[in-house]
1. Scan (1) surrounded by fewer than 17 Cβ atoms within 10 Å (Cβ to Cβ); (2) under 17 Å from Pro56 (Cα atoms); (3) among the charged types (D, E, K, R) for the single condition Lys427 breaks and write down its number.
2. Have a look at Gln190, Gln132, Gln160 and point out the one that is farther than 19 Å from Tyr450 by Cβ and either in a loop (DSSP other than H, G, I, E, B) or more than 15 Å from ligand 2 (Cβ to nearest atom) (or both).
3. Among the listed residues Tyr193, Tyr188, which satisfies the condition of being touching a residue at least 40 places away in the same chain (Cβ under 8 Å), at negative phi and in contact with a Leu (Cβ under 6 Å, 6 or more places away or on another chain)?
4. In region 154-197, what residues are within 16 Å of ligand 1 (Cβ to nearest atom) and farther than 29 Å from Asp96 by Cα?
5. Would you check if Arg152 is in contact with a Pro (Cβ under 8 Å, 6 or more places away or on another chain) and either surrounded by 20 or more Cβ atoms within 10 Å (Cβ to Cβ) or under 27 Å from Ser348 (Cα atoms) (or both)?
6. Would you pick out the residues in region 185-234 that are out of contact with any helix residue (DSSP H, G or I) (no Cβ under 8 Å at 6 or more places or on another chain) and basic (Lys, Arg)?
7. If I ask for residues that are in a helix (DSSP H, G or I) and surrounded by 15 or more Cβ atoms within 10 Å (Cβ to Cβ), which ones from region 73-119 would you list?
8. What pairs can you find where one residue is in region 294-310 and within 11 Å of Ala342 (Cβ to Cβ), the other is part of a loop (DSSP other than H, G, I, E, B) and among the basic types (Lys, Arg), and their Cβ atoms are less than 8 Å apart, with a gap of 6+ or different chains?
Amino acid sequence: MSRPDTTTPVAPLPLTTLVCTDLIGVTRGRSFPSDELSHYVSAGCGWVPANSALTPQDSIAASNPWGAYGDLRLVPDLSSRVTLDNGPDPQAPALDYIHCDIRETDGRPWSACPRTLLHDELERYRAELGLQVFAAFEHELTLTATTVQPDRLAFSLQAQRRQAGFAGWLLGALRAGGVEPEMFLPEYGQHQYEITCRPSLGVAAADRAVNVREITREIARQMGLNASFAPKTAENAVCNGVHLHLSLQDLEGAPVLHDSDDANGLSSLGQHWAAGVLHYLPALCALSAPTPVSYERLQPHHWSASYACLGHRNREAALRVCPTVSLSGKPIAAQYNLEFRAMDATASPHLAMAALLIAGRLGIEQRMTLNAVTREVPDELDEAQRQARGIIALPTTLAQALDCLRQSGALLEALPGPLVNTYFALKAQELALTEALSPAERCEHYARIY
Ligand code: GLU
Ligand code: MG
C-alpha cells in the first residue's frame, strides 16, 4: 500500500493531569489531552486501590487491604485546577493538573481517600460545631544548584540574591496557580529557603500545600535546580519544617480562637481545641512527622518540637501562639492563629490536617483542660517541672509514634479503618526497608524522595 502523499505534522498536545495526593504526601495521577477534559469531568479516570499502599521506597506494602482487586475513580474538583502556561524554560510543556477525590466506580466516597477525610471532618466542624477552618502551610526547603556554591550567611540579602531569579519565577507561578504567595525568604540553613502563603478556607488549604510543593519542584526543574522539602537533607543540615497555621471562625466569619482576657489570648473554645491537640500529639506525630527521618528533626533546640506543649511566641513549642501586631491596626482577634510545628513535608497535607482537626474537635467535645502551657524551653525544664506542667515528650522514632497512634483510642476510631490499615501496612514496610540506613544515609535517601 502506498503512503498518502500529504502528511500532518505532529505537534505536542497540551496535557491535563487528574491527581490525588496520597497517604505519604506524594502527588500521583493520569494525563490526557487537555481538549478532552469534558470526558473526565463527571466520572473522572481510573485508579487502583493498592496505589494507596505505596511506600516512599516505591514498593506496594505486602500486607495491604487491597491486593490486586478493585477499581476506583479520580474525580476532579474543577475549582482546584492549577494551570501554568509558561515558565523559565520556554521549551517546557504547560503544567496543568486538577486535584481529585478518590471515589468508588458508583460515585460513593472511597474510605481511604485523605482528601475526602479532610472534607468530611470540615463538614463536622461546620454542622456540629458551627465552625469554619482557615489554614496556611508554610514550607521550608533546601534549594541547591548542580555546581557547588559558596556558603552564604543566614537570612542574608546575598542568600536571597543567589536565588532571586528562581524566587521571581516561583512567586509568579504560585500566584498564577492561585496560591496567593506571601514571601520567599532565606532561612537559617545553607541553601535553605522558606515559602509562605495566605490562609485559605477548608480543603483548599491542603490543596494549596500540594501546589506549593509541586510548583516549586516544577520551577526548580525548569531552572536546573534541585529542591528538597525533606525534614533533614544531610546529617549536618538545618531542618526543613512545615508549620500549619490555623484559625477558627464561626459561620458568620467572626474569629473564635481569641480572648484578650486570657494570658495567652486563647478563648475557652481555643483552650479546649489546643488541649485536644496536645493530648493526642504523640499519636498525631505518626501522621504529621511520618517518616524515620522526621525524628532527626523533632529534637530539642531545633526550633521544631520535642514536647507536647503550647508556647506563647515560643519556637520550641509544638503548638505556638503566633505574634499579633498592634502596629498594623488590624483587630487582634482577626490576626490570632495557632501554629502547629510538629510537621514536615513527608506528610500528606490532607491527612495531617484532618487528624489535627479531629484531635482539636475531640478536645472541644470532651471539654479538655489545657495544662501544658509554658513560656520556657521545655527541654530546659527538669522532668519533675515538666510533669508538674503536664508536658510530655514526643516520640523519638516513627515506630514509637505509630504505637501511640495504635493506642490513641478516640483519635484512631475517628479515622476510617481501611485508611489506617493501609497506613500501618505501608509504614511497617517503610520501616523495614530503611532499618539498615545510617542517620546520614537516611537523610540523603529522603532528600532524594521529597
Ligand atoms: N527550621 C525549623 C523547623 O524545622 C523552623 C525554624 C523557624 O522557626 O522558621 O521547623
Ligand atoms: Mg522558618
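The values are calculated or read from the model by the stated rules, or taken from the named source; none is laboratory data. The structure displayed is predicted, hence computed values, not measured ones. Here the Cβ is made from the backbone with ideal geometry for all residues, glycine too, and neighbour counts use every protein chain on show.
1. Of the numbered conditions (1) surrounded by fewer than 17 Cβ atoms within 10 Å (Cβ to Cβ); (2) under 17 Å from Pro56 (Cα atoms); (3) among the charged types (D, E, K, R), the odd one out for Lys427 is (1).
2. Result: Gln132 is the single residue among Gln190, Gln132, Gln160 that is farther than 19 Å from Tyr450 by Cβ and either in a loop (DSSP other than H, G, I, E, B) or more than 15 Å from ligand 2 (Cβ to nearest atom) (or both).
3. Going through Tyr193, Tyr188 in turn, just one is touching a residue at least 40 places away in the same chain (Cβ under 8 Å), at negative phi and in contact with a Leu (Cβ under 6 Å, 6 or more places away or on another chain): Tyr193.
4. Matches in region 154-197: Ala154, Phe155, Ser156, Ala159, Glu187, Tyr188, Gly189, Gln190.
5. Judged against the criteria, Arg152 is not a match.
6. Across region 185-234, the qualifying residues are Arg198, Arg208, Arg213, Arg217, Arg221.
7. Ser80, Pro114, Arg115, Thr116, Leu117, Leu118, His119
8. Close Cβ pairs (under 8 Å, with a partner that is part of a loop (DSSP other than H, G, I, E, B) and among the basic types (Lys, Arg)) amount to Arg297/Lys232.
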